[in-house]
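Visitor: Sending over a structure as structure tokens; questions will come in a sec.
Every number in this text was worked out from the coordinates using simple rules, so none of it is lab data. In this text the structure is predicted, and so the values were computed from the model without any measurement. For neighbour counting, all protein chains shown are included, and Cβ atoms are generated from backbone atoms with ideal geometry for every residue, glycine included.
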Amino acid sequence: MPFINFSKDEIQCKIVYYGAGFCGKTTNLQYIYAKMNDDTKGKMVSIDTRGDRTLFFDFLSLNLGKIRGFDVRVQLYTVPGQVHYDATRKLVLKGVDGVVFVADSLKVQRKKNIESLINLAKNLAEKGISIRTIPLVIQYNKRDLDGTDSEILPLEILEKDLNSMLRVPSFPASALKGAGVFETLREISKLVVKDVSRKIMLVDQPLR
């Protein structure tokens, strides 16, 4: 369940960007942060680890409406992609309301994408959450490399590898250039708000 801040009349929803190392999670958050108004976003916090890092910032969403009179504040997190930081990934997933799985379109990353999605399902299951029921969006990043010397996977292959069983919304993207970044964020935000609203309605008592 999301955190309800009665002093600020806000419901705080947590969205985690998950994926293999260097797939574009950090670049997504950096692009979003750079494009947002200063008066709606909090400070970005970076927790650096050796060769990887976790980013976090929050923002007050002005276009998601209200949930039972409460404004919606969205918290965005990234997880470290390296396997040996799995304990950190589990910690970041605590209290998660929705996930963006960022897949690397490069052919050489195909196996790591699949392994990372399996790892996400496993870590969610340990917290009693099914990957099939949590709000989830898949982003196929680095599509801007198509036609360059780098070989990227066709979207059809990525869908077969990662989304044939889940059938969740997916978006081609270039986090570096911004293509598909806000489309991804808008979709996961809508799914999270819808899910949070449903859960709160199931609580047979007023919020105040």
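Visitor: Which helices (runs of 4 or more DSSP H) does region 90-208 wholly contain that include 1 or more residues that are of a type in the set (S, T, N, Q), under 26 Å from Arg68 (Cβ atoms) and within 14 Å of the chain's Cα centre (by Cα)?
Guide: Working: elements: 110-126, 155-162, 181-202.
In region 90-208, the matching helices (runs of 4 or more DSSP H) lie at 181-202.
Visitor: Restricting the search to region 75-103, which residues are within 30 Å of Asp149 (Cβ to Cβ) and out of contact with any Leu (no Cβ under 9 Å at 6 or more places or on another chain)? Full working, then the answer.
Guide: In the first step, residues of region 75-103 are kept if they are within 30 Å of Asp149 (Cβ to Cβ); the result is 78-83, 100-103.
Within region 75-103, Pro80, Gly81, Gln82, Val83, Val102 meet the criteria.
Visitor: Can I ask one more? Being surrounded by fewer than 19 Cβ atoms within 10 Å (Cβ to Cβ) and either touching a residue at least 40 places away in the same chain (Cβ under 8 Å) or not aliphatic (A, V, I, L, M) (or both) is the filter here; which residues of region 164-178 pass it? Before the answer, list the steps.
Guide: Initially, region 164-178 is screened for residues surrounded by fewer than 19 Cβ atoms within 10 Å (Cβ to Cβ), giving 164-167, 169, 172, 176-178.
Within region 164-178, Ser164, Arg167, Pro169, Pro172, Leu176, Lys177, Gly178 meet the criteria.
Visitor: Take Leu91 and decide whether it is crowded, with 16+ Cβ neighbours inside 10 Å and among the hydrophobic types (A, V, I, L, M, F, W, C).
Guide: Against the criterion (crowded, with 16+ Cβ neighbours inside 10 Å and among the hydrophobic types (A, V, I, L, M, F, W, C)), Leu91 does not qualify.
Visitor: Tally up the residues in region 1-45 that are outside any strand (DSSP E or B) and either of a type outside the set (Phe, Trp, Tyr) or surrounded by fewer than 14 Cβ atoms within 10 Å (Cβ to Cβ) (or both), please. It would help to see each step written out before you state the result.
Guide: Here is the first cut: in region 1-45, the residues outside any strand (DSSP E or B) are 1-2, 6-9, 19-40, 42-44.
Of the ones still in play, those that are also either of a type outside the set (Phe, Trp, Tyr) or surrounded by fewer than 14 Cβ atoms within 10 Å (Cβ to Cβ) (or both) are 1-2, 6-9, 19-21, 23-30, 32, 34-40, 42-44.
Residues flagged as outside any strand (DSSP E or B) and either of a type outside the set (Phe, Trp, Tyr) or surrounded by fewer than 14 Cβ atoms within 10 Å (Cβ to Cβ) (or both) within region 1-45 amount to 28.
Visitor: Across region 57-75, what is the number of residues that are under 15 Å from the mean Cα position of the chain (by Cα) and over 13 Å from Val193 (Cβ atoms)?
Guide: The number of residues fulfilling the criteria is 4.
Visitor: Follow-up question, since we're still on this one. Residue by residue through region 67-82, note down the ones that are in contact with a helix residue (DSSP H, G or I) (Cβ under 8 Å, 6 or more places away or on another chain) and either among the aromatic types (Phe, Trp, Tyr) or part of a helix (DSSP H, G or I) (or both).
Guide: The first filter runs over region 67-82 and keeps only residues in contact with a helix residue (DSSP H, G or I) (Cβ under 8 Å, 6 or more places away or on another chain), leaving 67-68, 72, 74, 76-81.
Residue satisfying the conditions is Tyr77 alone.
Visitor: Out of Thr40, Thr78, Thr54, which single residue is more than 22 Å from Gly128 (Cα to Cα), of a type outside the set (A, V, I, L, M, F, W, C) and within 15 Å of the chain's Cα centre (by Cα)?
Guide: Numbers: Thr40 fails: within 15 Å of the chain's Cα centre (by Cα); Thr78 fails: more than 22 Å from Gly128 (Cα to Cα).
Step by step, each of Thr40, Thr78, Thr54 is checked, and only Thr54 is more than 22 Å from Gly128 (Cα to Cα), of a type outside the set (A, V, I, L, M, F, W, C) and within 15 Å of the chain's Cα centre (by Cα).
Visitor: Moving to a separate point now. With (1) surrounded by fewer than 17 Cβ atoms within 10 Å (Cβ to Cβ); (2) not basic (Lys, Arg); (3) not in a loop (DSSP other than H, G, I, E, B) as the list, and Leu60 as the residue in question, which single condition is left unmet?
Guide: Of (1) surrounded by fewer than 17 Cβ atoms within 10 Å (Cβ to Cβ); (2) not basic (Lys, Arg); (3) not in a loop (DSSP other than H, G, I, E, B), only one is false for Leu60: (1).
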